[in-house]
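Below is one structure; the comments refer to it alone.
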Amino acid sequence: MTAIVGVLCRDGLVIGTDSSMTFSSGVGPPIMEQPTEKLKIFSDSIIVAGTGQVGLGQRFGHIVEQAYADKIFLGTKHFTSVGTELCRRTLSDFSSTGVRTGQFGALVGFVLGDKPFLCEFPVSDFQPEFKTEMMWYCSMGSGQPITDPFLALVREVFWNKGLPSTQDAIFSVTWALDHAIKINPGGINGPLRIAVLDKSTGKFRARILDDADLDEHKQNIDQAKERLRSFPASQSADAPGTPDIPKPDTLAQ
(Lines give C-alpha, C1' and ligand atoms only; values in the text may rest on other atoms or scores of the structure.)
Protein backbone atom coordinates (compact mmCIF):
# COMPACT_ATOMS: atom_id res chain seq x y z
CA MET A 1 0.00 0.00 0.00
CA THR A 2 1.64 3.19 -1.17
CA ALA A 3 0.97 6.72 -2.37
CA ILE A 4 3.73 8.29 -4.48
CA VAL A 5 3.51 11.65 -6.27
CA GLY A 6 6.18 13.11 -8.54
CA VAL A 7 6.36 16.50 -10.29
CA LEU A 8 8.93 17.75 -12.80
CA CYS A 9 9.42 21.47 -12.23
CA ARG A 10 10.97 24.29 -14.20
CA ASP A 11 13.73 24.57 -11.56
CA GLY A 12 14.02 20.97 -10.34
CA LEU A 13 11.67 18.19 -9.27
CA VAL A 14 9.68 16.98 -6.27
CA ILE A 15 8.81 13.44 -5.14
CA GLY A 16 6.59 12.67 -2.16
CA THR A 17 5.31 9.52 -0.45
CA ASP A 18 3.35 8.31 2.52
CA SER A 19 5.18 6.42 5.28
CA SER A 20 3.19 3.24 5.84
CA MET A 21 4.18 -0.40 5.33
CA THR A 22 1.77 -3.31 5.64
CA PHE A 23 2.81 -6.79 6.74
CA SER A 24 1.21 -9.85 5.18
CA SER A 25 1.64 -13.62 5.19
CA GLY A 26 0.78 -13.70 1.50
CA VAL A 27 -2.63 -15.20 2.22
CA GLY A 28 -5.60 -13.08 3.26
CA PRO A 29 -5.67 -9.45 4.32
CA PRO A 30 -2.67 -7.56 5.75
CA ILE A 31 -1.72 -8.48 9.30
CA MET A 32 -0.53 -5.10 10.56
CA GLU A 33 0.72 -1.67 9.54
CA GLN A 34 4.00 -0.02 10.56
CA PRO A 35 5.78 3.26 9.74
CA THR A 36 8.65 3.20 7.25
CA GLU A 37 10.76 5.44 5.01
CA LYS A 38 9.91 5.10 1.32
CA LEU A 39 12.18 7.84 -0.05
CA LYS A 40 15.84 7.12 -0.71
CA ILE A 41 18.56 9.52 -1.83
CA PHE A 42 21.68 8.21 -3.51
CA SER A 43 24.90 10.17 -4.03
CA ASP A 44 23.18 13.44 -3.05
CA SER A 45 21.54 13.78 -6.47
CA ILE A 46 19.27 10.77 -7.12
CA ILE A 47 15.82 10.36 -5.53
CA VAL A 48 14.11 6.97 -5.58
CA ALA A 49 10.62 5.99 -4.42
CA GLY A 50 9.24 2.50 -5.01
CA THR A 51 5.93 0.72 -4.82
CA GLY A 52 5.54 -3.03 -4.38
CA GLN A 53 7.44 -5.68 -2.49
CA VAL A 54 9.96 -4.30 0.00
CA GLY A 55 12.65 -6.80 -1.02
CA LEU A 56 12.40 -5.77 -4.65
CA GLY A 57 12.74 -2.16 -3.59
CA GLN A 58 15.94 -3.03 -1.74
CA ARG A 59 17.29 -4.74 -4.83
CA PHE A 60 16.38 -1.79 -7.03
CA GLY A 61 18.20 0.55 -4.65
CA HIS A 62 21.32 -1.58 -5.01
CA ILE A 63 20.92 -1.48 -8.80
CA VAL A 64 20.76 2.31 -8.75
CA GLU A 65 23.86 2.50 -6.54
CA GLN A 66 25.79 0.20 -8.86
CA ALA A 67 24.61 2.13 -11.90
CA TYR A 68 25.92 5.32 -10.35
CA ALA A 69 29.26 3.63 -9.65
CA ASP A 70 29.33 2.56 -13.30
CA LYS A 71 28.87 6.23 -14.27
CA ILE A 72 25.64 5.82 -16.26
CA PHE A 73 24.43 9.10 -14.72
CA LEU A 74 27.29 10.90 -16.47
CA GLY A 75 26.03 10.20 -19.98
CA THR A 76 24.46 12.66 -22.37
CA LYS A 77 21.25 10.87 -23.33
CA HIS A 78 18.81 10.46 -20.48
CA PHE A 79 16.67 7.86 -22.22
CA THR A 80 19.33 5.39 -23.32
CA SER A 81 22.04 5.97 -20.74
CA VAL A 82 19.75 6.04 -17.69
CA GLY A 83 16.15 5.03 -18.40
CA THR A 84 16.79 2.06 -20.67
CA GLU A 85 19.86 0.94 -18.72
CA LEU A 86 18.09 0.94 -15.35
CA CYS A 87 15.20 -0.95 -16.93
CA ARG A 88 17.52 -3.54 -18.47
CA ARG A 89 19.50 -4.09 -15.27
CA THR A 90 16.40 -4.33 -13.11
CA LEU A 91 14.49 -6.76 -15.32
CA SER A 92 17.60 -8.91 -15.63
CA ASP A 93 18.11 -8.97 -11.86
CA PHE A 94 14.46 -9.71 -11.12
CA SER A 95 14.15 -12.43 -13.75
CA SER A 96 17.20 -14.21 -12.30
CA THR A 97 15.04 -15.20 -9.33
CA GLY A 98 11.79 -15.71 -11.22
CA VAL A 99 10.12 -12.39 -10.40
CA ARG A 100 7.18 -11.79 -12.71
CA THR A 101 6.32 -8.32 -14.02
CA GLY A 102 3.70 -6.43 -12.10
CA GLN A 103 5.43 -6.76 -8.73
CA PHE A 104 7.35 -3.49 -8.44
CA GLY A 105 7.46 0.03 -9.83
CA ALA A 106 9.56 3.09 -9.12
CA LEU A 107 9.89 6.81 -9.60
CA VAL A 108 13.43 8.11 -10.07
CA GLY A 109 14.57 11.73 -10.12
CA PHE A 110 18.11 12.59 -11.19
CA VAL A 111 20.33 15.14 -12.91
CA LEU A 112 22.07 14.67 -16.24
CA GLY A 113 24.07 17.45 -17.86
CA ASP A 114 22.86 19.98 -15.26
CA LYS A 115 19.23 19.24 -16.12
CA PRO A 116 16.68 17.46 -13.88
CA PHE A 117 14.82 14.39 -15.14
CA LEU A 118 11.88 12.50 -13.66
CA CYS A 119 11.43 8.92 -14.86
CA GLU A 120 8.53 6.61 -14.05
CA PHE A 121 9.04 2.84 -14.17
CA PRO A 122 5.44 1.53 -14.08
CA VAL A 123 4.48 -1.55 -12.09
CA SER A 124 2.87 -3.07 -15.18
CA ASP A 125 6.05 -3.57 -17.24
CA PHE A 126 8.81 -1.34 -15.74
CA GLN A 127 9.42 0.36 -19.09
CA PRO A 128 10.82 3.90 -18.58
CA GLU A 129 8.59 6.89 -19.15
CA PHE A 130 10.08 10.37 -18.74
CA LYS A 131 7.98 13.31 -17.63
CA THR A 132 8.10 16.25 -20.02
CA GLU A 133 6.74 19.76 -20.48
CA MET A 134 3.63 18.14 -21.99
CA MET A 135 2.96 15.86 -18.99
CA TRP A 136 5.11 16.73 -16.01
CA TYR A 137 3.53 14.87 -13.10
CA CYS A 138 2.37 11.40 -12.09
CA SER A 139 1.37 9.26 -9.15
CA MET A 140 1.88 5.59 -8.33
CA GLY A 141 0.80 2.96 -5.84
CA SER A 142 -2.53 1.90 -4.40
CA GLY A 143 -3.31 5.57 -3.72
CA GLN A 144 -3.24 6.45 -7.43
CA PRO A 145 -7.07 6.41 -7.82
CA ILE A 146 -7.13 9.17 -5.19
CA THR A 147 -4.07 11.21 -6.17
CA ASP A 148 -4.49 11.21 -9.98
CA PRO A 149 -7.86 13.05 -9.99
CA PHE A 150 -6.56 15.44 -7.36
CA LEU A 151 -3.50 16.25 -9.48
CA ALA A 152 -5.74 16.81 -12.51
CA LEU A 153 -7.62 19.45 -10.50
CA VAL A 154 -4.34 20.98 -9.34
CA ARG A 155 -3.16 21.23 -12.94
CA GLU A 156 -6.35 23.01 -14.00
CA VAL A 157 -6.27 25.45 -11.07
CA PHE A 158 -2.59 26.04 -10.27
CA TRP A 159 -0.53 24.64 -13.16
CA ASN A 160 -2.57 25.92 -16.10
CA LYS A 161 0.47 27.69 -17.54
CA GLY A 162 2.83 24.70 -17.46
CA LEU A 163 5.54 23.40 -15.18
CA PRO A 164 5.38 24.79 -11.63
CA SER A 165 8.26 25.95 -9.46
CA THR A 166 9.55 23.50 -6.86
CA GLN A 167 7.89 25.56 -4.12
CA ASP A 168 4.52 25.38 -5.88
CA ALA A 169 5.04 21.64 -6.43
CA ILE A 170 5.84 21.05 -2.75
CA PHE A 171 2.57 22.76 -1.83
CA SER A 172 0.56 20.64 -4.28
CA VAL A 173 2.29 17.34 -3.49
CA THR A 174 1.80 17.97 0.23
CA TRP A 175 -1.90 18.59 -0.33
CA ALA A 176 -2.32 15.54 -2.60
CA LEU A 177 -0.65 13.19 -0.12
CA ASP A 178 -2.46 14.69 2.87
CA HIS A 179 -5.74 14.14 1.00
CA ALA A 180 -4.83 10.51 0.19
CA ILE A 181 -3.76 9.80 3.78
CA LYS A 182 -7.04 11.15 5.13
CA ILE A 183 -9.51 9.37 2.84
CA ASN A 184 -7.83 6.10 1.75
CA PRO A 185 -9.56 2.88 2.86
CA GLY A 186 -6.43 1.54 4.56
CA GLY A 187 -2.70 1.02 4.19
CA ILE A 188 -1.69 4.62 3.36
CA ASN A 189 -0.63 6.65 6.37
CA GLY A 190 1.52 9.53 7.52
CA PRO A 191 3.72 11.22 8.06
CA LEU A 192 4.01 12.35 4.47
CA ARG A 193 7.58 12.65 3.21
CA ILE A 194 8.83 14.91 0.44
CA ALA A 195 12.19 15.04 -1.34
CA VAL A 196 13.34 17.91 -3.54
CA LEU A 197 16.03 18.09 -6.21
CA ASP A 198 16.94 21.70 -6.90
CA LYS A 199 19.74 24.28 -6.96
CA SER A 200 19.12 25.84 -3.56
CA THR A 201 22.79 25.23 -2.68
CA GLY A 202 24.16 26.53 -5.99
CA LYS A 203 24.07 23.24 -7.87
CA PHE A 204 21.58 20.41 -8.06
CA ARG A 205 21.34 18.50 -4.79
CA ALA A 206 18.64 16.23 -3.39
CA ARG A 207 17.29 16.52 0.13
CA ILE A 208 14.36 15.29 2.19
CA LEU A 209 12.36 18.09 3.77
CA ASP A 210 11.89 18.06 7.53
CA ASP A 211 8.70 18.91 9.40
CA ALA A 212 9.66 22.57 9.73
CA ASP A 213 10.06 22.83 5.95
CA LEU A 214 6.53 21.49 5.46
CA ASP A 215 4.79 23.53 8.17
CA GLU A 216 4.43 26.63 5.98
CA HIS A 217 2.94 24.59 3.14
CA LYS A 218 0.47 22.91 5.52
CA GLN A 219 -0.57 26.34 6.80
CA ASN A 220 -1.07 27.52 3.21
CA ILE A 221 -3.25 24.48 2.55
CA ASP A 222 -5.40 25.32 5.58
CA GLN A 223 -5.76 28.90 4.30
CA ALA A 224 -6.71 27.66 0.83
CA LYS A 225 -9.40 25.43 2.35
CA GLU A 226 -10.79 28.36 4.34
CA ARG A 227 -11.03 30.47 1.19
CA LEU A 228 -12.85 27.66 -0.61
CA ARG A 229 -15.27 27.31 2.30
CA SER A 230 -16.06 31.02 2.21
CA PHE A 231 -16.46 31.14 -1.59
CA PRO A 232 -20.17 30.09 -1.75
CA ALA A 233 -21.12 32.77 0.77
CA SER A 234 -19.24 35.46 -1.14
CA GLN A 235 -20.94 34.45 -4.37
CA SER A 236 -24.39 34.62 -2.76
CA ALA A 237 -23.68 38.03 -1.31
CA ASP A 238 -22.43 39.42 -4.64
CA ALA A 239 -25.16 37.89 -6.80
CA PRO A 240 -27.30 40.51 -8.66
CA GLY A 241 -30.79 40.89 -7.33
CA THR A 242 -29.96 39.42 -3.94
CA PRO A 243 -32.23 41.07 -1.35
CA ASP A 244 -30.67 42.86 1.57
CA ILE A 245 -30.61 40.80 4.74
CA PRO A 246 -32.21 42.69 7.63
CA LYS A 247 -29.88 43.55 10.45
CA PRO A 248 -30.61 42.24 13.94
CA ASP A 249 -31.50 45.72 15.29
CA THR A 250 -34.01 46.20 12.48
CA LEU A 251 -35.71 42.93 13.31
CA ALA A 252 -36.07 43.99 16.91
CA GLN A 253 -38.10 47.08 16.03
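Numbers for the structure displayed
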{"item": "Within the accessible area of region 98-241 (1.4 Å probe), percent carbon and sulfur", "result": "51 percent"}
{"item": "Cα shape, region 121-179, gyration tensor, a/c 1.5 rule", "result": "oblate"}
{"item": "Charge dipole (region 99-140, unit charges on Cβ, about Cα centre) - positive-most of F121, F104, M134", "result": "F104"}
{"item": "Which listed pairs, of K182/K218; K131/K182; K182/K225; K115/K203; K131/K161, have C-alpha distances above 20 Å, in listed order", "result": "K131/K182"}
{"item": "Alpha-carbon centroids, region 103-170 and region 1-61: separation in whole Å", "result": "15 Å"}
{"item": "Cα-derived Rg to Rh of the chain, Kirkwood definition", "result": "1.09"}
{"item": "Relative contact order for region 107-190, counting Cα pairs under 8 Å that sit 6 or more residues apart, in percent", "result": "18 percent"}
{"item": "Student exercise, region 61-120 dipole from Lys, Arg, Asp, Glu Cβ charges, in Debye to nearest 20", "result": "140 debye"}
{"item": "Environment charge of T2, counting only residues whose C-beta is closer than 15 Å and scoring Lys/Arg +1, Asp/Glu -1", "result": "-2"}
{"item": "Protection proxy ranking, peptides 141-150, 64-73, 165-174, average beta carbon neighbours within 10 Å, highest first", "result": "165-174, 141-150, 64-73"}
{"item": "C-alpha long axis of helix 166-183 to longest principal axis of the chain, angle in °", "result": "80 degrees"}
{"item": "Among Q219, Q235, Q58: highest mean-square fluctuation, GNM of the chain, C-alpha pairs under 10 Å", "result": "Q235"}
{"item": "Residue-normalised accessible area of region 70-163, expressed per residue, 1.4 Å probe, Å²", "result": "52 Å²"}
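The values are calculated or read from the model by the stated rules, or taken from the named source; none is laboratory data. What you are looking at is a predicted structure, and each value in this text was computed from that prediction instead of being measured. A quick note on method: Cβ atoms are made from the backbone with ideal geometry, for glycine too, and the neighbour counts reach across all protein chains shown. With ligands, DNA and RNA removed, areas are computed over all heavy atoms of the protein, side chains included. Shrake-Rupley method; radii C 1.70, N 1.55, O 1.52, S 1.80 Å.
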